[in-house]
Amino acid sequence: MNAGRSDTVGPNGAAGTGNGGSPRGDQRREALLRALDEQLRVRKLDDISVADLTDTAGITRSAFYFYFESKAAAVTVLLADVQYQAEDSTASLVSGEGTFRERMAAGMERLADRVVENAHLYRALLTARNTHDPTRSMWDGGRVLLAESIADFIRAERAAGRAPDGPDAQMLAESLIRINESVLECLAYNPDDPREPLLPTAADMWVRAVYGRPDPEVDRPAGGSPP
């Protein structure tokens, strides 16, 4: 988990507050983040007070608000690793090797790994998104940004004749990302459940939404013959 970046964003763009720039400030900030991580392993975000965090970290209440505008903002900093993985998966999806389905499936597996590893934090971020307007706005903004490169890819596939015309590419990309969000939410709340029904179905929905069907030139099965 990378919690040291002052401009960190969550799985879909929710941002934390910067640190004070001094070594002592960094130590205080990290102490608060450690306290939050520890508390979230045993309690829900709504049940944790700022006093719980400052008492555990040995820091004053005013110091907490110097670093973070709210508990929700602090949670988003802890989810940095998931955001980085989402960005990497998007880059691999549009320019990586293998078929579109293979790239999509591999990216979802990597994201699922990160969410399951940090399920307690992801659940807290979902709570923050639903109850904290700034977090929700930044989450939605992050989705838009992630969707832009996917939308460009869809437009290029359509222009090359590999994908049929369809709905607005940006809106399609954002809608497909929402599918991923739903899958990751299921995994966060049920991290021990099998992934097999969820991830392959999500990948199939992406392929069919972009290409209209399993395209024999884009989505060959393992045996190499057209479906």
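The values are calculated or read from the model by the stated rules, or taken from the named source; none is laboratory data. Remember, it's a predicted structure, so these values are computed and weren't measured experimentally. Using ideal geometry, Cβ is built from the backbone for each residue, glycine included, and neighbour counts are taken over all protein chains shown. Side chains are part of the model used for accessible areas, which takes the heavy atoms of the whole protein and leaves out ligands, DNA and RNA. Shrake-Rupley method; radii C 1.70, N 1.55, O 1.52, S 1.80 Å.
Remarks
- Selection from region 30-53 of residues that are free of Cβ contacts under 8 Å to residues at least 24 places away in the same chain and open to solvent by less than 10 Å² (accessible area, probe 1.4 Å): Ala35, Ile48, Leu53
- In the set (1) farther than 18 Å from Ala105 by Cα; (2) open to solvent by 60 Å² or more (accessible area, probe 1.4 Å); (3) at pLDDT 95 or above, Glu185 fails one condition alone, (1).
- Those residues of region 113-167 which are aliphatic (A, V, I, L, M), open to solvent by 40 Å² or more (accessible area, probe 1.4 Å), more than 19 Å from Gln85 (Cα to Cα) and part of a helix (DSSP H, G or I), in sequence order: Ala156, Ala159
- Filtered residue count, region 74-92, keeping only those that are open to solvent by less than 10 Å² (accessible area, probe 1.4 Å) and more than 11 Å from the chain's Cα centre (by Cα): 4
- Filtered residues of region 71-100 (kept if modelled with pLDDT of 90 or more, outside any helix (DSSP H, G or I) and not charged (D, E, K, R)): Gly96, Gly98, Thr99
- Hits in region 176-192 - residues which are without any contact (Cβ under 8 Å) to a residue 12 or more places away in the chain and over 12 Å from the mean Cα position of the chain (by Cα): Asn190, Asp192
- Matching residues, region 103-112, being open to solvent by less than 20 Å² (accessible area, probe 1.4 Å) and free of Cβ contacts under 8 Å to residues at least 60 places away in the same chain: Gly107
- Val207 among the β-branched types (Val, Ile, Thr), assigned to a loop (DSSP other than H, G, I, E, B) and either modelled with pLDDT under 95 or more than 24 Å from Asp81 (Cβ to Cβ) (or both): no
- Hits in region 188-203 (condition: touching a helix residue (DSSP H, G or I) at 6+ places or on another chain (Cβ under 8 Å), exposed (fewer than 13 other Cβ atoms within 10 Å of the Cβ) and either closer than 15 Å to Val94 by Cβ or not acidic (Asp, Glu) (or both)): Tyr189
- Residue that is least open to solvent (accessible area, probe 1.4 Å) [pool: residues in region 58-70 that are in contact (Cβ under 8 Å) with a residue 40 or more places away in the chain and assigned to a loop (DSSP other than H, G, I, E, B)]: Phe68
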